[in-house]
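The values are calculated or read from the model by the stated rules, or taken from the named source; none is laboratory data. The structure presented is a predicted model; accordingly, all values stated were derived computationally and were not measured. Here the Cβ is made from the backbone with ideal geometry for all residues, glycine too, and neighbour counts use every protein chain on show. Side chains included, ligands, DNA and RNA excluded: accessible areas come from the protein's heavy atoms. Shrake-Rupley method; radii C 1.70, N 1.55, O 1.52, S 1.80 Å.
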Amino acid sequence: MSDQCKTCSSSAGCSIDPADCGTAAEKSLLGSLNDIKNVIVVMSGKGGVGKSSVTGLIASSLAKQGKKVGVLDADITGPSQPKAFGIKDYRLTGSDFGIIPATSKLGIKIISINFFLPNEDDPVIWRGPMLAGAVKQFWEEVDWRDLDYLVVDLPPGTGDVPLTVMQTLPVNGIVIVSSPQELAFMVVKKTIKMTRKMNIPILGLVENMSCALCPQCGEKVELFGKSQGEKVSAESGIEFLGGLPWDIELNTLVDEGKIEEYAAPAMEQIVKKITGQLD
């Protein structure tokens, strides 16, 4: 037993290594001044359905309403939020309360593993526990301070990272994202069952790329088959938040780092349904 342990009133039953005592106590205070009112998780069992763009659009829509918003990019091996928001060469700094996140043009606070990499296209080759640990640090050791909403962009599937987020963060609700294909919905149903087993409320389902908009005439084309969002939502007993079109304008804006400039009436209605359940 060290000298500091002898004078510590909590030494009985303490599991902290004496060598790490001061550091551990310091770490326990990180994030203690953050006041995050709502944590929204954007999730899908299937990759390629547009979770990241839906996350960015939800955050942008909330910010345009004057809300204080943050985005936690939990897709450690495939981060895309910095690109979508046009944040390049951001140099991480710290305050007394943790890592200072980047800030978008609309004032959205963003943290992503890409800010820790020398180059944005450098791969992160980590096993599950390290991925989960990074996400936990993004929650506990980032100086989020006061937020009305923190929107979390999850990687696809039901593995370590989604599990860590649901067990570590005080999640207020899940937004499920899918596309019209039967295969996508089959996998998404696994996500719905996972969240129910963990007793986390599902805010509803967003069907992304429910149709394609012709850039010339505006005609709607069912590029990936007939919309099934309402049907699947009804069968699963969750709310259908709405469908979003595949729009070349959105693709262009995301590539240019200008997702905040996209005007999406359908997204505004989706966000209205989400906030209506939380407020």
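The set of residues from the stretch 202-235 being farther than 20 Å from Pro265 by Cβ, open to solvent by 50 Å² or more (accessible area, probe 1.4 Å), of a type outside the set (D, E, K, R) and touching a residue at least 40 places away in the same chain (Cβ under 8 Å) comprises just one member, Phe224.
May I ask you to verify whether Val152 is of a type in the set (A, V, I, L, M, F, W, C) and modelled with pLDDT of 95 or more? So that I can check it myself, show each step before the final result.
On the way: of a type in the set (A, V, I, L, M, F, W, C): yes; modelled with pLDDT of 95 or more: yes.
So Val152 fits the description; yes.
Has the stretch 144-152 got any residue that is of a type outside the set (Phe, Trp, Tyr), more than 30 Å from Glu256 (Cα to Cα) and touching a residue at least 40 places away in the same chain (Cβ under 8 Å)?
Checked the stretch 144-152: no residue is of a type outside the set (Phe, Trp, Tyr), more than 30 Å from Glu256 (Cα to Cα) and touching a residue at least 40 places away in the same chain (Cβ under 8 Å).
Note on the stretch 139-169: residues that are surrounded by fewer than 18 Cβ atoms within 10 Å (Cβ to Cβ) and touching a strand residue (DSSP E or B) at 6+ places or on another chain (Cβ under 6 Å) amount to 2.
Given the criteria in contact with a Pro (Cβ under 9 Å, 6 or more places away or on another chain), surrounded by 14 or more Cβ atoms within 10 Å (Cβ to Cβ) and of a type in the set (Phe, Trp, Tyr), does Phe97 qualify?
On the way: in contact with a Pro (Cβ under 9 Å, 6 or more places away or on another chain): no; surrounded by 14 or more Cβ atoms within 10 Å (Cβ to Cβ): yes; of a type in the set (Phe, Trp, Tyr): yes.
Spelling it out, it is not the case that Phe97 is in contact with a Pro (Cβ under 9 Å, 6 or more places away or on another chain), surrounded by 14 or more Cβ atoms within 10 Å (Cβ to Cβ) and of a type in the set (Phe, Trp, Tyr).
When restricted to residues that are among the charged types (D, E, K, R) and open to solvent by 100 Å² or more (accessible area, probe 1.4 Å), the stretch 260-271 contains 2.
For Gly257, state whether it is touching a strand residue (DSSP E or B) at 6+ places or on another chain (Cβ under 7 Å), of a type in the set (Gly, Ala, Ser) and surrounded by 15 or more Cβ atoms within 10 Å (Cβ to Cβ).
On the way: touching a strand residue (DSSP E or B) at 6+ places or on another chain (Cβ under 7 Å): no; of a type in the set (Gly, Ala, Ser): yes; surrounded by 15 or more Cβ atoms within 10 Å (Cβ to Cβ): yes.
Considered against the rule, which asks whether it is touching a strand residue (DSSP E or B) at 6+ places or on another chain (Cβ under 7 Å), of a type in the set (Gly, Ala, Ser) and surrounded by 15 or more Cβ atoms within 10 Å (Cβ to Cβ), Gly257 comes out as no.
Counting residues in the stretch 60-70 that are assigned to a helix (DSSP H, G or I), of a type in the set (Val, Ile, Thr) and open to solvent by less than 60 Å² (accessible area, probe 1.4 Å) gives zero. Search the stretch 236-261 for residues that are closer than 14 Å to Val49 by Cα and pair each with any residue that is of a type in the set (Lys, Arg) and outside any loop (DSSP other than H, G, I, E, B) when their beta-carbon atoms are under 9 Å apart and the residues are at least 6 apart or on different chains. So the pair list comes out as Pro245/Lys220.
Scanning the stretch 109-127 for residues that are among the aromatic types (Phe, Trp, Tyr) and open to solvent by 50 Å² or more (accessible area, probe 1.4 Å) yields Phe116, Trp126. Return yes when Gly31 is in a loop (DSSP other than H, G, I, E, B), within 16 Å of Phe138 (Cα to Cα), at pLDDT below 95 and open to solvent by less than 50 Å² (accessible area, probe 1.4 Å) and no when it is not. So Gly31 passes the test.
So, Lys83, is that one crowded, with 17+ Cβ neighbours inside 10 Å, of a type in the set (Lys, Arg) and touching a residue at least 40 places away in the same chain (Cβ under 8 Å) or not? Explain how you work it out, then say what you get.
Numbers: crowded, with 17+ Cβ neighbours inside 10 Å: yes; of a type in the set (Lys, Arg): yes; touching a residue at least 40 places away in the same chain (Cβ under 8 Å): yes.
Criteria met by Lys83.
Can you give me the ranges of the helices (runs of 4 or more DSSP H) entirely in the stretch 164-279 with at least 3 residues that are more than 25 Å from Leu106 (Cα to Cα)?
Numbers: elements: 182-197, 229-236, 248-255, 265-278.
So the answer is 182-197, 229-236.
Within the stretch 100-117, can one find any residue that is touching a Lys or Arg at 6+ places or on another chain (Cβ under 9 Å), among the charged types (D, E, K, R) and modelled with pLDDT under 95? No, the conditions are met nowhere in the stretch 100-117.
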